[in-house]
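Beneath this line is the structure, given in structure tokens, with notes to follow.
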Amino acid sequence: MPISDTSPEIEAMQIKIIRSMTVEQRLLQALDLTLMVREFMKAGIRHRHPEWSEQEVMREIHREAFLPDPLPPWIR
């Protein structure tokens, strides 16, 4: 059984709310969460590499999200 910090009652409420949403609302929620995660990633990368440009930060976001190893030279 997975570990969760959400009580069964609250999880039931969350499921009820999600099921009541339209497909468009669910998609917008997913996009909002994606943008929030990207901002968290940006903040972490900027904290580790304050000297990097915006382009370097975005490149690192894509690398972390899609490539497990450093980017190949042709992408740099």
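Structural remarks
- Signed unit charges on C-beta, dipole axis of the chain, positive-most listed residue Leu31, Ile3, Pro73: Pro73
- Kirkwood estimate for the stretch 22-76, i.e. one over the average of 1/r between Cα atoms, Å: 12.6 Å
- Loop sites in the stretch 30-66: GluC sites (Glu not before Pro), DSSP, at most 16 other Cβ within 10 Å: Glu51
- Between Glu54 and Thr34, the FRET efficiency from the beta-carbon distance, with R0 = 30 Å, is close to 0.95.
Each reported figure results from applying straightforward, stated rules to the coordinates on display, with no laboratory input. It should be emphasised that the depicted structure is a prediction, and the values quoted were computed from it without experimental measurement. Quick reminder, even Gly has a Cβ in these numbers, built from the backbone with ideal geometry, and neighbours come from all protein chains shown.
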